[in-house]
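The values are calculated or read from the model by the stated rules, or taken from the named source; none is laboratory data. These figures come from a predicted structure and were not determined experimentally. Every residue, glycine among them, receives a Cβ derived from its backbone with ideal geometry; neighbour counts consider all protein chains shown. To get the accessible areas, we keep the full protein, side chains included, count just its heavy atoms, and leave off ligands, DNA and RNA. Shrake-Rupley method; radii C 1.70, N 1.55, O 1.52, S 1.80 Å.
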Amino acid sequence: MRFETPLVPARLISRYKRFLFDAELENGELITGSCPNTGSMQGLTTPGSRIWLSEHDSPTRKYRHMFEMIEADGTIVGVNTGMPNRIAAEAIAAGQVSDLADYTTVQREQKYGRNSRIDLLLTDPLRTTTYVEVKNVHFMRERSLAEFPDTVTARGAKHLEELGDMVDAGFRAIMLYVIQRNDCERFRICGDLDGFYATAYERARKRGVEAYAIKCLVSPGEITPAGLIPIDEPGIAALCTSIAISAEG
């Protein structure tokens with residue numbers, strides 16, 4: 001996925017109120033912009049970091065600049081949570097995710113479950129309808145290991161349950177983790193930060209929900225899906241059990 005116009009380099013001053021940031025442009029101008037990521041963004045808000053911004057001239061927008069990328073841990077990381085669905089669609093079309101490229105129709109943001117919308121709905125008259133939920137990933141604490149979530153996400157656990165319901169109804173369901181960084185070779189569920197999500201993940205997998213993690217090549221010019229990486233599955237149950245015991249004691 002290429003950006004329509006070149007991104008603007010800057011230095012991060014601070015990110016605050018979840019959806020705002022202050023930065024200094026290369027010409028010394030100080031600006032406030034919008035941050036399209038309301039998550040914790042752990043490890044990705046260090047003041048003074050190099051960042052890249054998109055520019056928007058629409059009169060309906062309050063802020064001209066939008067936070068797109070940051071340099072962290074020696075690599076460039078995408079932070080815009082609006083990107084993963086587009087990246088996922090590109091990866092599927094390129095045949096990078098299982099056999100999903102063979103579906104004839106891909107619809108976005110379709111209603112399903114309990115007042116939810118599925119990110120990608122794949123249909124074909126000769127194949128099982130497939131529901132694809134996409135999650136943005138950029139959290140890394142251990143070298144080469146991407147993790148999700150980086151904070152508690154009750155909504156994410158709900159999505160796993162709804163995907164399991166789709167499997168029970170005879171459909172195919174997939175959780176696709178899109179990692180907006182290219183320095184990760186493995187992925188795992190971060191049970192120590194959200195044991196409830198880890199439990200929901202394990203339950204969904206046992207119900208037949210498929211899971212894939214795909215990393216990306218990220219640069220100020222484009223974000224490109226770069227293929228699947230392994231998911232570390234063993235040990236989730238044991239970790240969740242230890243979390244529950246600790247909570248009780």
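What the table shows:
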{"read-out": "Subset of segment 20-35 [closer than 23 Å to Thr75 by Cβ and either open to solvent by less than 30 Å² (accessible area, probe 1.4 Å) or at pLDDT below 95 (or both)]", "value": "Phe21, Ala23, Leu25, Gly33, Cys35"}
{"read-out": "So Ala169, is it out of contact with any Asp or Glu (no Cβ under 8 Å at 6 or more places or on another chain) and open to solvent by less than 10 Å² (accessible area, probe 1.4 Å)", "value": "no"}
{"read-out": "Residues located in segment 172-216, provided they are open to solvent by 10 Å² or more (accessible area, probe 1.4 Å), more than 17 Å from the chain's Cα centre (by Cα) and not aromatic (Phe, Trp, Tyr)", "value": "Arg172, Asp192, Gly195, Thr199, Glu202, Arg203, Arg205, Lys206, Arg207, Gly208"}
{"read-out": "Pair list, Cβ < 9 Å and 6+ apart or interchain, from segment 76-99 residues that are closer than 20 Å to Ile231 by Cα and open to solvent by less than 20 Å² (accessible area, probe 1.4 Å) to residues that are of a type outside the set (Val, Ile, Thr) and in a helix (DSSP H, G or I)", "value": "Ala91/Leu100; Ile92/Leu100; Ile92/Ala101; Val97/Ala88; Val97/Ala91"}
{"read-out": "Where Ser54 falls short, out of the listed (1) modelled with pLDDT of 95 or more; (2) farther than 19 Å from Asn136 by Cβ; (3) open to solvent by less than 60 Å² (accessible area, probe 1.4 Å)", "value": "(2)"}
{"read-out": "Check on Thr45, under 20 Å from Arg141 (Cα atoms), modelled with pLDDT of 95 or more and either of a type outside the set (Asp, Glu) or touching a helix residue (DSSP H, G or I) at 6+ places or on another chain (Cβ under 7 Å) (or both)", "value": "yes"}
{"read-out": "Any hit, segment 128-143, residues being in contact with a helix residue (DSSP H, G or I) (Cβ under 9 Å, 6 or more places away or on another chain), open to solvent by 20 Å² or more (accessible area, probe 1.4 Å), modelled with pLDDT of 95 or more and not in a strand (DSSP E or B)", "value": "yes"}
